[in-house]
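Below: the structure, in structure tokens.
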Amino acid sequence: MEGMIVGTLRVRLLLRQSRTLKDKRQVVKSIKDKLQNSFNVSVAEIEALDNCQQAILGLAMVSNESHHVKTMLGQIVEALRIHPVAELVDQEIEIF
């Protein structure tokens with residue numbers, strides 16, 4: 001028995017087409033909603049809040065199996081890699 005496993009993912013996204021913070025908010029909200037609905041994770045914008053071309057998101061997931069958390073966070077990274085508007089620049093995954 002593994003107990004409670006917490007996985008976190010920090011991603012840095014480049015939003016080249018965003019010219020204003022309003023543009024950025026629309027893109028970030030769309031990404032957050034899609035990730036929450038598709039992967040059942042918690043998502044928040046955590047840094048670079050005033051930068052209209054950069055979004056840094058923090059995601060968290062809880063499970064009883066580390067393999068499940070690693071797999072799901074990997075799938076999220078892949079989904080962000082192919083996003084049509086946001087370019088994935090960097091990611092960090094941690095499992096606790």
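No value in this document is a laboratory result; all are computed from the given coordinates. Note that the structure is a prediction, hence the values are computed from the model and not measured. With ideal geometry, Cβ positions are generated from the backbone for all residues, glycine too; neighbour counts draw on all protein chains shown.
The stretch between residue 48 and residue 65, if pulled fully straight at 0.36 nm per residue, gains 2.9 nm over its current Cα-Cα span. Share of pairwise Cα-Cα distances greater than 15 Å in region 1-57 is 51 percent (whole percent).
What is the Cα radius of gyration of the chain over 2.2 N^0.38 Å, N being its residue count? Please report the intermediate quantities before stating the final value.
On the way: Rg = 13.6 Å, N = 96, 2.2 N^0.38 = 12.5 Å.
Working it through for the chain, the quotient is 1.09.
Loop-located trypsin sites (Lys or Arg not before Pro) in region 1-64 (DSSP state not H, G, I, E or B) with no more than 13 neighbouring Cβ atoms inside 10 Å: 16, 19.
The longest part of the chain holding none of the exposed loop GluC sites (Glu not before Pro), meaning those outside H, G, I, E and B in DSSP with at most 12 other Cβ atoms within 10 Å, is 3-64.
Subtracting the Cα-Cα distance of residue 78 and residue 96 from 0.36 nm times their residue separation leaves 4.3 nm of extension gain.
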